[in-house]
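The values are calculated or read from the model by the stated rules, or taken from the named source; none is laboratory data. Quick caveat: nothing in here was measured; it's all calculated off a predicted structure. Note that each Cβ is placed from the backbone with ideal geometry, even for glycine, and that neighbours are counted across all protein chains shown.
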Amino acid sequence: MVSLHVYSVLVVLFLTCGAIMATKENDQIIRENNCETKMGLPCVLEAFTCIFVTGSISSKCCGEVVVLGKVFHSALVKRTLENPLFIDLSPTTIIAKSIQTWNNCLALIDSPSPSA
């Protein structure tokens, strides 16, 4: 099992190194909208793990994903896939997991909470 330290390193790479390899479109979307500062690091780690490894994402972090927006969410995922460190991952699988995470978060945020 991969340690939290390795996940942290992957998240840092997700947020920084990917910019070097990003397509102009994804990089421009991310930079112009300051996407990387719209989520806290714990939620970035949760979302990254959910999409690129396996796991779930909390409702709090789903809220941050939804606030980020679908275009920005997709741009960050695509930019990460362009990084040579992730060359062994299946883009089709990752994009499907990204869409599933987005849809799950949207449904969770849109669903009414039970009365107290």
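One residue is enough: does the stretch 53-62 have a residue meeting the conditions in a loop (DSSP other than H, G, I, E, B) and within 11 Å of the chain's Cα centre (by Cα)?
Scanning the stretch 53-62 turns up at least one residue that is in a loop (DSSP other than H, G, I, E, B) and within 11 Å of the chain's Cα centre (by Cα).
Quick one: which of Leu68, Leu81 is surrounded by 17 or more Cβ atoms within 10 Å (Cβ to Cβ), farther than 14 Å from Ala47 by Cβ and among the aliphatic types (A, V, I, L, M)?
Leu81
Which one of the conditions (1) in contact with a Gly (Cβ under 8 Å, 6 or more places away or on another chain); (2) at pLDDT 85 or above does Arg79 fail to meet, given that it meets all the rest?
Only one criterion is unmet by Arg79, namely (2).
Given the options Ile94, Ile87, name the one that is closer than 15 Å to Thr49 by Cα and surrounded by fewer than 19 Cβ atoms within 10 Å (Cβ to Cβ).
Unique residue meeting the criteria: Ile94.
Within 11 Å of the chain's Cα centre (by Cα) and modelled with pLDDT of 85 or more: does that describe Leu89?
Here the answer is no, as Leu89 does not meet what is asked.
Check Ser74, Ser58 and return the single one that is closer than 15 Å to Asn104 by Cα, hydroxyl-bearing (Ser, Thr, Tyr) and at pLDDT 90 or above.
Ser58
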